[in-house]
């Protein structure tokens, strides 16, 4: 099933939860909507499911305008945040709720919970509830499956395992999937395409790699976890950042630039133009994450190899690797 | 969910309780108020009565209510502590026993205390027609209110707060005064206002135990209407009572609105430790059994104790038509009458109460006023309601005097607030996403309630039904006005039998009261077992 959302706005009083949202999802595509809490991503799912009437705009499923169709006739599946399982029914009863003739046994083995049919839902662990919620959403064979924070409350190890299972399952079933998450790792692992939302608007659409390599705005860059973002003035192919000068392929003038932590090169021995003092050094397994204080500039984050990492209090020379600099578009909406 | 349809459906649902309350509460009580103020037609054959000693009646009503409330707290708070804090053998049974007196009709409680401390009473001291009998019966009746309201909070208080105070250097009594008591204060206040309200509007107990020299407002209204035919005086007294209760409810609402809720954790009772704790538990259990069980046991005993030793004389008299000149038919027929009325009243109360509770869970601007209107019958005296029925519903456009539904309507009116209070918290606790999940899974709006809400609330509904049934069975204050003379209910028959001299009459009253006690207790206990543990719902 293909999905087309055009010009959708949702207003609660004077607050705009969604503002003029445009989104296309092709058949069999897996799209993840990524954004901080309050960015409107759950509202978008509710609009597509028919649980929230938009103030403006249209929702089209397989070419049919369903904007006025109530939720029980849309034929889409929705897996709720925190699962919303029916506690008055057992596992099998939950799965049969939307389809009395569902093949409970094969759905349960599909989600890796064979023989769980007669169990009471209150006895299930978080991961098991998540699987039952997925089986329940799949039981009516929806052509569009939507997931709201599918792995939200689970612990990290379980999330990393389940996200791989989900991706495999989607490929196998060939269902069109629209998932919502605030976790970029989850979004990147699940989806063919990522939609980043901010303040009720779409900030960027692209493959996970596109979004990671070329964030569309300072907001997107910061949301992805990058902190080394600042305005630099560019002259004759060189950008003057607060942390030093570096060659960039950009027109003269002020530009927001992102310096990836891996592109911050620190050396203890050879002196350079720009020096700073290591304020924090956090051991993170395969690398050491360092925060450097440079006079008159924001703290600079650097990722250093474990063998050559400086220690706290050391004075280091700072160079920026031109290959790891991203010039962000000006006049971003954020 | 369905933005266009829902408000219309909600409005239609709201019509049911609104129409019910309008016709059977606002209209009768309003008519009464009009008569009291001198509007409306004068009632023929009734002289303009003097108001007499209204001040004296009001004073007695207030001070006996205060005394009853304080006494109940003193006796019941330690009992609440024992049942809340300690894991005891049979504590489930004890908890159920504690609740029985609360659902007993006041007429039965009055009869039980007559059997205990009345003329020829078991204790040998004749205390009836004294205020002590009234106070003792009030404590007996309201013990469960304190245990249920305070005990449920006490059981769930976070023990670590007390432990923290102890570690910080507070002694046990000091930790109780500084930590436990403040945390319990809202619950104690809530229980006190309920007990005060019940004893302020006390009717059956005062009527049976007080004798001619004691009267609450409620009793005085009844006496003026039935014995003195002073309807306008009774109407004015009804208004005084209505105003007093309205003030009480307003004060209660203002107080509860400002209170902070204590942090609650799942209850974790433990076994008593050491001599002190065991002694505390033992003394309280003795009080509990002595206070609660003795009157009920004596009631049963009296129904068998004839002047020639124990026998079934009084029970046999229930079935014979000529043994008693007090009742129009064999006394046992009142059982059938009461059961029929109570079943009808329960169904009515459930329909009205469920509609009202569903409306109250939906958003809406007038919800607050609607909720208050629903609770008003709880605060209005049953006698006022019955009297209102009598004067308002006996002539066109609404002449229900001969309708078999008149009594059930009055009883349902008394039971509706209890149904709403039992069901509403459970309905409110249902996560709305469950309804949304049902919709997305293809359930049409009209069926969501049946597939999601009803399965989740039916246990609470069953418990509410049991409660409504027991209340309807025992309802006296309103029923005594409107029950047809040739077809009295059990409580009305008991009061009539007790009001006449003669051993056979009082013996039959005891036997009927035993039957009523068993019916009420059985319906409550059977349906209370269905209530899910830990679920909300008041009372």
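Full extension of the chain between residue A:6 and residue A:247 gives 82.7 nm of extra length, using 0.36 nm per residue less the Cα-Cα distance.
Treating each Cα of segment B:388-496 as an identical point scatterer and summing with the Debye formula, the log10 of I(q)/I(0) at q = 0.17, 0.19 Å⁻¹ comes to -0.83, -0.93.
Suppose R0 equals 60 Å; then what is the FRET efficiency for residue B:432 and residue A:268 from their Cβ-Cβ distance, rounded to the nearest 0.05? Once rounded, the FRET efficiency stands at 0.50.
Reducing segment A:271-334 and segment A:211-237 to their Cα centroids gives an inter-centroid distance of 15 Å. Between residue B:458 and residue B:287, full extension at 0.36 nm per residue minus the direct alpha carbon distance yields a gain of 58.0 nm.
Helix A:156-173 axis versus longest C-alpha principal axis of chain A: approximately 60°, rounded to the nearest ten. Dimensions of the protein assembly as shown from C-alpha coordinates, computed as largest minus smallest value along each principal axis and given longest first, are 117, 68, 58 Å. Taking R0 as 45 Å, what's the FRET efficiency between residue B:223 and residue A:87 from their Cβ-Cβ distance, rounded to 0.05? Approximately 0.25, to the nearest 0.05.
The helix-only estimate of mean residue ellipticity at 222 nm for the protein assembly as shown, built from DSSP H runs of length n ≥ 4 each weighted as -39500 (n - 2.57), is -16000 deg cm²/dmol after division by the residue total. Report the normalised scattering of segment A:98-169 as log10 I(q)/I(0) at q = 0.11, 0.14, 0.28 Å⁻¹, calculated by the Debye formula with identical scatterers on the alpha carbons. Debye intensities relative to I(0), on a log10 scale: -0.26, -0.43, -1.53.
Projected label points at residue B:129 and residue B:500, each 7 Å from Cα along the beta carbon direction, are separated by 2.1 nanometres.
Separation of segment B:439-508 and segment A:6-68 by C-alpha centroid, Å? Spelled out, the Cα-based centre of one part sits 50 Å from the other.
For the ranges A:190-200, A:67-77, what's the packing order if you count other beta-carbon atoms within 10 Å of each residue, average per peptide, and put the highest first?
For the peptides A:190-200, A:67-77, the packing ranking is A:190-200, A:67-77.
Placing dummy labels 7 Å off each Cα toward the beta-carbon, the span from residue A:165 to residue A:209 is 2.9 nm. Set against the 2.2 N^0.38 Å expectation for a compact globular protein, segment B:108-216 has a Cα radius of gyration ratio of 1.47.
Once the Cβ-Cβ distance of residue B:279 and residue B:171 is raised to the sixth power relative to R0 = 22 Å, the FRET efficiency obtained is 0.70. Value of Rg to Rh for segment A:229-327, rounded to two decimals, is 0.98; Kirkwood radius and Rg both from alpha-carbon coordinates.
Gain on full extension, evaluated as 0.36 nm per residue between residue A:315 and residue A:157 minus their Cα-Cα distance, stands at 53.1 nm.
Within segment A:293-334, whose backbone N sits under 14 Å from a point 7 Å along Cα→Cβ of residue A:279? Only A:293-302, A:312-314 fall inside the zone, counting backbone N under 14 Å.
Extending 7 Å from the Cα toward the beta-carbon at both residue B:96 and residue A:24 defines two label points whose distance is 6.9 nm.
Over all Cα atoms in segment A:148-267, the spread is summed up by Rg and Dmax: 17.9, 53 Å. How far, in degrees from 0 to 90, does helix A:126-138 lean away from the longest principal axis of the Cα atoms of chain A, to the nearest 10? So the inclination is approximately 60 degrees. Note that segment A:3-223 shows a convex hull volume over its alpha carbon atoms of 123 Å³ per residue.
Every number in this text was worked out from the coordinates using simple rules, so none of it is lab data. Only a predicted model underlies this, so the values are computations on that prediction, with no experimental measurement involved. For neighbour counting, all protein chains shown are included, and Cβ atoms are generated from backbone atoms with ideal geometry for every residue, glycine included.
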